[in-house]
Amino acid sequence: MSHPTTVAKTTDQGATESRSDSAQQSGERERREPSSIELKGLHKRFGKHTVALDDVDLTIEAGEFFTLLGPSGCGKTTLLRMLAGLEEPDAGHVCIGGQDVTDIPPHKRSVNTVFQSYALFPHLSVRDNLAFGLRMRGDSKKEQRRKVDEVAEFIQLGSLVDRPVDQLSGGQRQRIALARALICEPNVLLLDEPLSALDAGLRGQLQVELQRIQKRLGMTFVFVTHDQDEAMVMSDRIAVLDGGIIQQVGPPNEVYEHPRNAFVARFMGHDNLFAIHASGDDWVDTELGRLHIDPAEQREEQDGWLLVRPETLELNAEVPENYNQLQGKVMERLYRGSRVEYRLEVAGVTMMATASNLGQRLLNVGDQVTVSVCPDDLVRVAS
Amino acid sequence: MVESSRMASRGRAVVGESRHLLFSVAPGATWIVVFLVLPSLYLMAVAFMTNGPYGLPQMPLTLNSFEQLAGFGFLGWSPGNLYTLLRSLWQTFLATVLVVIVAYPIAYYITTCRIKWRAIMLLLVVVPSWTNQVIRTFGWMNLLAPGTPLSDLAQWLGFIPPNMGLYPSNFAVTLGLVYNFLPFMVLPLYAAFEKLDTAQVQAAQDLYASPLRAFWHAVFPQTLPGLLAGTVLVAIPAFGMYVIPELLGGGKGMMLGNLVANQFAGGSNWPLGAAGAILMLIATFIGLFAMRRIGKRLGGGEEVVI
Amino acid sequence: MKKRTLQRGLSAFWWLTLIFLYLPLAVVVFFSFNAANSAARFTGFSLRWYERLLGNEQIISAFWNSMVLAIVSAVLALVIGCLLGYGMYRHRHRKLGWLIVLIYLPIVLPDIVFGISEMAFFVSIHRYTGLLQPGLLTMIISHVTFQIPFVALIVYSRLVGLDPTLFEAAKDLYATPFKRAWHFLLPTIKPALISAFFLSFTLSIDDFVISFFTSGPESATLPIYIWGAIKKGVTPEINAIAALMIGAVAIAALMSLLFNRQGQR
């Protein structure tokens, strides 16, 4: 138990020192050696009935911005806490940088966390908060001061450094919490819904900034959120979780455009899902009637769902012959500026359609409309 | 193989947690068990033992001390102990009522003052209770002694015979109790008044013509939890009071606390004293239990923080 | 108009109550400067009672007994109570009902029952084993017993008020268990520890009943000395000691007011 621990500690410290040396020489922030993460058969239950994680296998590449996405209670936070060492799995292994750290306590892992509540120490100033990890790790006073100044400049904290913690705004606290975790130059940075307490404007700004920082440092980021827009904007890859099971892993466009099942589709914000009764080589029978699809979408199972993305629908347009065409009626119009959303009734079923606002004539409520969609844009989704 | 080692480490974690509980909680818990629970249990046992020489308890077990407490002695039944018990109950009741009558307007008045004054006003109410009980009671002895202005006034009004003081007397004990426990009622009542929903009070003033009815329907119910908390804080220690009746009451002002204490201090009869202590404990727990029940029914089941 | 009258009436009642609260204390202080040995007539200003205090060895020794008792018991209670409060916090998700009962027991038990239980216990133990002879040691034990719950509750409520992720942040930032206690936990609850210590100290100084029943012949504290003097009817210096103790309380009250002010700012 104690043997791998000491190994982890020494390798980590050695690496840190050699890096900071080179940083002083070049006078510029160097790129770290990011770590990959491998999770094997992770299982965790709370009490008798609540399964938080059910046999989770997952690989996160070194230097990746990876997001765990899901509704509350899906297990994403439990997974993150296991990476930090704050939660112990009932079964399975956590490997960081190729090393099994399952039994290594959090204070011996080269992993740092940005907490949802920021968790800044109220009894310390901003400067002492930033230096806390360095001080606990045993860095020299001089080294601590140099790194605090460096990170303060990097995150643009400016004059905040000498203020007491309780005088900071939410956005400022968020930056300090981020800086406090980054300053330790961990192999992996964990972020537990760090933006959820901020208002929309600041949130958007920090999303961009976080992504930029990650790219500049080349560090492995594992980010937890329940907001699919946030996940898509920032991530290299997303894992969608539900009920302690990973539903789908992939780059944002893949998860959005080709959700693997109805849960992922709904969670990514898709409303136009239609039940499939029967299917053939290049067709499916749905509530909307028979529709042609790309033969590549052919599946073994007969049922499932058909996903029709609102932005792929064309309204009253001249289309090639192979397009699916349906007759509908405008029930509601939502004007959004850059686009217009229509709620249509097609074959007695509600369907959403989005049109880019290019100055064309807007449809009115009650108008009859021809809806066309290319077979290639229709996606089959498992139940 | 791997799984079994994981299970073992889980087991270690559980053991670690338990050991942690042991190290942190055990010293304090053990201390209270050894130096309070055991002595209390021993005291209860003493109540069932026989009175030996110097008042020390002896075998065999008997209910003799409870008979003595009820007044049965060598010379047949005497009402002395019963009087003491009734007096304790009466003094507790009287003092609690009087404390409420004084504390209620005081607590209300503090909430009507400006916020920056309130802390100081509360402090002014509490500070006297920080001085030692013996000293405070001694102050009242000085005030009520024969020849003092208060005693002279009482003589002139014909309340007491000439050349006597206002103490020792039951009146002095009541006064001492009210003085002693006033802050314990003001604090919870103040907390209740401070939380008062003023919108409700205004609505009540609109609905009911008389301010008295508005008070009764809108204000009073909201202060009930505070009143209850205060009653617990006053009545329970008042029932077991020792110092005040001992100094201000004299022989005819004795309360249960004195009866119990005298059996130990004078070294005369431990079992009898222990039996009295059991009575006091029963009263304490009945009081606490009753207040909890009433408090829960009122819906204001909040913890009292002293 | 009516409201005005009510407010005036309340104000008058407030001042009357203040007089009621402070009159006994004022009388004690006033007559401590009396030239004559009387609590009824003031014959002239004098400091003779204070001079006699300094020459009274019993009083001096009672003062030191009070101090030793208060400081030693407060320190012991701080350590034990702090551990207990932390343990309650750490294991608050477990069923600890028995512990809550145990902690509230010293608070709800009437003083007199508390005192005689301890006395009967200590006397009997001493009779059979020769240990725990009534004296300063037994008094310290009893005082620690009633101080522990207050310390534990103060520490516990401070910890409950903290963001629980702070503990995790400390772990996450490489602090070993010992460093967590030293660099995070203790500094964070320092204000609670200070106020718990002062509360314990005050409770000890204030106590009479429990001290009275657990003391031995050599270990009289100031309140016990005062009590004995009153009971014997020998009271010349009592006003002076009492006045000094009231003065100490007044200073403590002022300090707490100042600290509160600072805390609010």
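The values are calculated or read from the model by the stated rules, or taken from the named source; none is laboratory data. Because the structure is a prediction, the values reported are computed rather than measured. Neighbour counts run over all protein chains shown; Cβ positions are idealised from the backbone, glycine included.
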> Quick check, is A:SER372 of a type in the set (S, T, N, Q) and surrounded by 14 or more Cβ atoms within 10 Å (Cβ to Cβ)?
Replying inline: yes
Being of a type in the set (Val, Ile, Thr), under 22 Å from the mean Cα position of the chain (by Cα) and within 22 Å of B:LEU43 (Cα to Cα) narrows C:ILE116, C:ILE125, C:ILE189 down to just C:ILE116
Within region B:184-206, the residues that are assigned to a helix (DSSP H, G or I) and touching a residue at least 24 places away in the same chain (Cβ under 8 Å) are B:PHE184, B:MET185, B:VAL186, B:LEU187, B:PRO188, B:LEU189, B:TYR190, B:ALA191, B:ALA192, B:PHE193, B:GLU194
Residue hits (region A:61-95; away from chain C (no Cβ under 14 Å), of a type in the set (A, V, I, L, M, F, W, C) and in contact with a helix residue (DSSP H, G or I) (Cβ under 9 Å, 6 or more places away or on another chain)) are A:PHE65, A:LEU68, A:LEU69, A:ALA91, A:VAL94
Do we have any residue at all in region C:170-181 that's assigned to a helix (DSSP H, G or I), modelled with pLDDT of 90 or more and within 10 Å of chain B (Cβ to nearest Cβ)? no
Among C:GLY81, C:GLY97, the single one that is more than 9 Å from chain B (Cβ to nearest Cβ) and not acidic (Asp, Glu) is C:GLY97
In the set C:MET139, C:MET119, the lone residue that is within 9 Å of another protein chain (Cβ to nearest Cβ), of a type outside the set (D, E, K, R) and either part of a helix (DSSP H, G or I) or surrounded by fewer than 22 Cβ atoms within 10 Å (Cβ to Cβ) (or both) is C:MET119
Residue pairs qualifying under the 6 Å Cβ cut-off, at least six apart or on distinct chains, with the first in region B:49-74 being closer than 15 Å to B:GLY276 by Cα and the second being surrounded by 17 or more Cβ atoms within 10 Å (Cβ to Cβ) and modelled with pLDDT under 80, are B:MET49/B:PRO57
Could you please let me know if A:PRO106 is farther than 22 Å from A:GLY218 by Cβ, within 14 Å of chain C (Cβ to nearest Cβ) and buried (at least 20 other Cβ atoms within 10 Å of the Cβ)?
yes
Just to be sure before I move on: is A:VAL224 surrounded by fewer than 22 Cβ atoms within 10 Å (Cβ to Cβ), touching a Pro at 6+ places or on another chain (Cβ under 9 Å) and either β-branched (Val, Ile, Thr) or at pLDDT 95 or above (or both) in the structure I sent? no
Restricting region C:218-234 to residues that are more than 17 Å from the chain's Cα centre (by Cα) and in contact (Cβ under 8 Å) with a residue 60 or more places away in the chain, the one surrounded by the fewest Cβ atoms within 10 Å (Cβ to Cβ) turns out to be C:GLU218
Scanning region C:193-209 residue by residue, those at the interface with another protein chain (Cβ under 7 Å from one of its Cβ atoms) and surrounded by fewer than 22 Cβ atoms within 10 Å (Cβ to Cβ) turn out to be C:THR202, C:ASP206
Counting only residues in region B:114-155 that are at the interface with chain C (Cβ under 9 Å from one of its Cβ atoms), farther than 14 Å from B:PRO183 by Cα and among the β-branched types (Val, Ile, Thr), the one surrounded by the fewest Cβ atoms within 10 Å (Cβ to Cβ) is identified as B:THR148
If we keep only residues of region B:271-294 that are away from chain C (no Cβ under 11 Å) and of a type in the set (Gly, Ala, Ser), then the residue surrounded by the fewest Cβ atoms within 10 Å (Cβ to Cβ) is B:ALA290
Among strands (runs of 3 or more DSSP E) completely within region A:273-360, the ones holding 1 or more residues that are within 18 Å of A:HIS258 (Cβ to Cβ) and touching a Ser or Thr at 6+ places or on another chain (Cβ under 7 Å) are A:273-279, A:305-307
Taking C:ALA62 as the residue in question, decide whether it is part of a helix (DSSP H, G or I), without any contact (Cβ under 8 Å) to a residue 24 or more places away in the chain and either more than 21 Å from B:THR131 (Cα to Cα) or in contact with a helix residue (DSSP H, G or I) (Cβ under 8 Å, 6 or more places away or on another chain) (or both).
-> no
Scanning region B:213-268 for residues that are within 11 Å of another protein chain (Cβ to nearest Cβ) and assigned to a loop (DSSP other than H, G, I, E, B), the one nearest to C:PHE121 (Cα to Cα) turns out to be B:GLY267
What about C:LYS190, is it at the interface with another protein chain (Cβ under 9 Å from one of its Cβ atoms), under 13 Å from C:CYS82 (Cα atoms) and part of a helix (DSSP H, G or I)? yes
Quick check: is even one residue across region C:15-36 more than 12 Å from chain B (Cβ to nearest Cβ) and either buried (at least 18 other Cβ atoms within 10 Å of the Cβ) or in contact (Cβ under 8 Å) with a residue 12 or more places away in the chain (or both)? yes
Within region A:125-140, restricting to residues that are facing another protein chain (nearest Cβ under 8 Å) and touching a residue at least 24 places away in the same chain (Cβ under 8 Å), the one that is surrounded by the most Cβ atoms within 10 Å (Cβ to Cβ) is A:GLY133
Checked region B:134-168 for anything part of a loop (DSSP other than H, G, I, E, B), polar (S, T, N, Q) and within 22 Å of C:ILE226 (Cβ to Cβ); matches are B:THR148
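Yes/no matrix, rows are residues, columns are (1) modelled with pLDDT under 85; (2) away from chain C (no Cβ under 13 Å); (3) more than 23 Å from C:ARG127 (Cβ to Cβ); (4) not in a helix (DSSP H, G or I):
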{"site": "B:ALA26", "(1), (2), (3), (4)": "no, no, yes, no"}
{"site": "B:THR30", "(1), (2), (3), (4)": "no, no, yes, no"}
{"site": "B:VAL33", "(1), (2), (3), (4)": "no, no, no, no"}
{"site": "B:LEU36", "(1), (2), (3), (4)": "no, no, no, no"}
{"site": "B:VAL46", "(1), (2), (3), (4)": "no, no, no, no"}
{"site": "B:PHE66", "(1), (2), (3), (4)": "yes, yes, yes, no"}
{"site": "B:ASN81", "(1), (2), (3), (4)": "yes, yes, yes, no"}
{"site": "B:THR92", "(1), (2), (3), (4)": "no, no, yes, no"}
{"site": "B:VAL97", "(1), (2), (3), (4)": "no, yes, yes, no"}
Note on region C:122-136: residues part of a helix (DSSP H, G or I) and either surrounded by fewer than 24 Cβ atoms within 10 Å (Cβ to Cβ) or basic (Lys, Arg) (or both) are C:VAL123, C:SER124, C:ILE125, C:HIS126, C:ARG127, C:TYR128, C:THR129, C:LEU136
Condition first: touching a residue at least 40 places away in the same chain (Cβ under 8 Å) and assigned to a loop (DSSP other than H, G, I, E, B). Can you find one or more residues in region B:171-183 that meet it? no
For region B:212-229, check the following and say yes or no: at least one residue is surrounded by 14 or more Cβ atoms within 10 Å (Cβ to Cβ) and either touching a Lys or Arg at 6+ places or on another chain (Cβ under 6 Å) or among the acidic types (Asp, Glu) (or both). no
